[in-house]
Every structure is written in structure tokens, then in C-alpha cells.
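Here's the structure we're looking at; comments come further down.
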Amino acid sequence: MKLILAILTTAMLCVTNFVTAQNKRITATVVNITSDSGKVGFALYDKTNFRLKPIQSTNATIEAGKSTVIFEDVEAGEYAIICYHDKNDNDKMDFKANGMPLEDYGASNNNMTFGPPRFEDAKFKVNDKNVSLEIKF
């Protein structure tokens, strides 16, 4: 009986380690920030919540024109990142009266066209390896 219990416990630990080891890390770096004032806000989305409520979000400081964040425990799937330079540190993206942004922004894959980012342009896959991205404003 003790042998069976030991085998079951070992099997459960192996399965648990295997399942948790599948979650990966995404490192995103904005590489061309024009000033070190303020901060950069980063948001991680999947297709169903794109530009609504992020799966994960965080702010990062700026040093020498660069800002880096790490999103931990990301399950396999397709994702997109949107980020913006919060120059005045007010925790929101500022716009002109005509709707044009006053602050720089970018998205994963750096495929920026006129208008807000689109998931299809910004998506990338997380599979069995950690992901590193460079984003440009």
C-alpha cells in the first residue's frame, strides 16, 4: 500500500511540474523612446479581449531611451502587446481634440498603420519557448 501511495504521489508531482512548466515568459522592450521622462505602459492581450481588458498590464521606467517588462506565467497561445509612453505620468494615453494621440505608442510586430493597432497585425505565438520582442514607437 505504501508503495502504491509513493508511486501515485510521484506521478502527481511529475504531472504538476509538467503542467506548470508549460507557462512561458514574454519580455517586451521598447527601444526608441525619445525621452526618459514619464513611464511606459504595457498591456498583454489575446484575441478575445484585444484593446479591452488586458490579461496582464504593467508600467516600466525608462532608461537611456529603453523600457523593458516581463510578463510571467503566460500560457501557450496567440497574444499581442500594446504600449505607450506616458510622458506626463497621468496613467492614461492623451489625445488631441481631433482624436490623434499626443503620446507615442506601439504594438508587437511594429506594424503600425493609420488608426489604432489591430490584433491581426500585432499577434505573435507563445509555444514551448520564452518570447522576446522589440517594439518601436
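Tabulated data
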{"item": "Residues that are among the acidic types (Asp, Glu) and crowded, with 16+ Cβ neighbours inside 10 Å, drawn from region 79-117", "result": "Asp86, Glu103, Asp104"}
{"item": "Residues that are β-branched (Val, Ile, Thr) and either under 19 Å from Thr68 (Cα atoms) or in contact with a Gly (Cβ under 6 Å, 6 or more places away or on another chain) (or both), drawn from region 79-137", "result": "Ile81, Ile82, Val126, Val131, Ile135"}
{"item": "Total residues in region 96-114, condition modelled with pLDDT under 95 and aromatic (Phe, Trp, Tyr)", "result": "1"}
{"item": "Those residues of region 97-137 which are of a type in the set (Ser, Thr, Tyr) and over 12 Å from the mean Cα position of the chain (by Cα), in sequence order", "result": "Tyr105, Thr113"}
{"item": "Residues located in region 21-65, provided they are part of a strand (DSSP E or B), surrounded by fewer than 16 Cβ atoms within 10 Å (Cβ to Cβ) and among the charged types (D, E, K, R)", "result": "Arg25, Glu63"}
{"item": "Filter pass, Ser132 being open to solvent by 70 Å² or more (accessible area, probe 1.4 Å) and modelled with pLDDT of 95 or more", "result": "yes"}
{"item": "Residues of region 21-61 satisfying the condition of being among the basic types (Lys, Arg) and over 11 Å from the mean Cα position of the chain (by Cα)", "result": "Lys24, Lys39, Lys47, Arg51, Lys53"}
{"item": "Flag for Tyr105 being among the hydroxyl-bearing types (Ser, Thr, Tyr) and within 14 Å of Phe50 (Cα to Cα)", "result": "no"}
{"item": "Any chance Ala97 is in contact with a helix residue (DSSP H, G or I) (Cβ under 8 Å, 6 or more places away or on another chain) and either free of Cβ contacts under 8 Å to residues at least 40 places away in the same chain or hydrophobic (A, V, I, L, M, F, W, C) (or both)", "result": "no"}
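The values are calculated or read from the model by the stated rules, or taken from the named source; none is laboratory data. It should be emphasised that the depicted structure is a prediction, and the values quoted were computed from it without experimental measurement. Don't worry about glycine lacking a Cβ; one is built from the backbone with ideal geometry, like all the others, and counts go over all protein chains shown. Quick note on the areas: whole protein, heavy atoms, side chains included, nothing else; ligands and nucleic acids left out. Shrake-Rupley method; radii C 1.70, N 1.55, O 1.52, S 1.80 Å.
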